[in-house]
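Only the coordinates and a few stated rules stand behind these numbers; no lab work does. From a predicted model like this one, the values you see are computed outputs, not experimental measurements. Cβ: placed from backbone, ideal geometry, glycine included. Neighbour counts: every protein chain shown.
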Amino acid sequence: ILNVEQSPQSLHVQEGDSTNFTCSFPSSNFYALHWYRWETAKSPEALFVMTLNGDEKKKGRISATLNTKEGYSYLYIKGSQPEDSATYLCASPTDSWGKLQFGAGTQVVVTP
Amino acid sequence: GAVVSQHPSRVICKSGTSVKIECRSLDFQATTMFWYRQFPKQSLMLMATSNEGSKATYEQGVEKDKFLINHASLTLSTLTVTSAHPEDSSFYICSARFTTGSSTDTQYFGPGTRLTVL
C-alpha cells in the first residue's frame, strides 16, 4: 500500500452502539500513526499518536490499536454518543521530520 | 492549550485577485507550520512546510509563486494565493507544531478557510 486509506468512508451508528473502523498505511519505513477527530466547523483535534506495534491507546470511550507489520490501525468507539459524530482522520508521517500523509477520513454519524 | 486560529474562515474573491490567509498559534511558539488543501471528498494534501525565519518548502506540484508562504514570527504564518482563479477554490487549513522535526509530535490545526474564486 502506498497511500493512507480509511474505510468505510462513512457510517451511521445508533446511540449506545459500539463501532470501529480502519486505517491502512504503508508498513515500510513506518514512523508513527496519528489519529484526529474533526467536528464540523471546528479544528481537527488530536486523539492519539501511536508508534509501537501492538500498542493500544485509550481516551474515554475511544481506543485505537496498531499493527505496524501489516500496516493497519483500528479505532473503536464504545457506546457511541451523538457528540461522537465527527470525521475521524488518520495520518502517517512520510519521513522522520513528520510530514503527514492523511487518509480521506471516516465520517461517523451517531443518531439518538 | 495549543490553540491555532485561522482567518478568515470564508472568503469570496474575483478571479485575478490575491487573497491572504493568516494562521496564528495563540498560546505556544510554533517552530514549524504546515499548510494543507482539501478538495471535496478528498484527504488533506500537504502544500508546504515552513519553519520560522526560513523559506517554505513546497510539495511537488505546488507552485511556490502562486502560493506565497511567510513565517516571519513564531506565532504567525500567512498563505497568499496570488492571482486566484476558480480552480484555486478549495478548503485551506494550517497546522502548527512546537518542534522543527519529529514524526511523533502532534500538529495542532486551525479551523480552516474556505476560498471561493468567482
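Over all alpha-carbon pairs in the stretch A:3-43, figure out the percentage whose distance exceeds 14 Å.
Values: 526 of 820 pairs.
The share of Cα pairs beyond 14 Å in the stretch A:3-43 comes to 64 percent.
Under the classification rounded if a/c is under 1.5, otherwise prolate if a/b is larger than b/c and oblate if not, where does chain A fall, given a ≥ b ≥ c as square roots of the Cα gyration tensor eigenvalues? Since a/c reaches 1.5 and a/b is larger than b/c, the shape of chain A is classed as prolate. If each Cα of the protein assembly as shown is one equal point scatterer, what is log10 of I(q)/I(0) from the Debye formula at q = 0.07, 0.15, 0.16 Å⁻¹? Debye curve over Cα of the protein assembly as shown, log10 I(q)/I(0) at q = 0.07, 0.15, 0.16 Å⁻¹: -0.22, -1.01, -1.12. Sequentially through the stretch A:60-76, phi angles give Karplus couplings (6.51, -1.76, 1.60; θ = phi - 60°) of x, 8, 9, 9, 9, 10, 9, 10, 7, 6, 9, x, 8, 9, 10, 10, 10 Hz, Gly and Pro residues having no value and appearing as x.
3J(HN,Hα) along the stretch A:41-52, derived from phi through the Karplus expression 6.51 cos²θ - 1.76 cosθ + 1.60 where θ = phi - 60°, amounts to 6, 10, 7, x, 10, 5, 9, 9, 10, 10, 10, 9 Hz, with x in place of Gly and Pro.
Please work out the Kirkwood hydrodynamic radius for the stretch B:40-104, using every pair of different C-alpha atoms, and report it in angstroms with one decimal place. Before the final figure, lay out the partial values.
Working: mean 1/r = 0.0760 Å⁻¹.
In the stretch B:40-104 this quantity evaluates to 13.2 Å.
Shown for chain B: cysteine residues without a partner Cβ closer than 4.7 Å, namely B:Cys13. For chain B, the convex hull spanned by the alpha carbon atoms encloses 99 Å³ per residue. Annotated for the protein assembly as shown: lysine pairs at least 8 residues apart or interchain, Cα distance under 12 Å, count 4.
Across the stretch B:60-72, computed HN-Hα scalar couplings (Karplus, 6.51 cos²θ - 1.76 cosθ + 1.60, θ = phi - 60°) run 4, x, 9, 7, 5, 7, 8, 10, 8, 10, 10, 10, 7 Hz from first to last residue, x flagging Gly and Pro.
Looking at the stretch A:49-107, I'd like the Rg to Rh ratio, where Rg is from alpha-carbon atoms and Rh is Kirkwood's inverse mean 1/r.
Values: Rg = 12.6 Å, Rh = 12.7 Å.
Value, to two decimals: 0.99.
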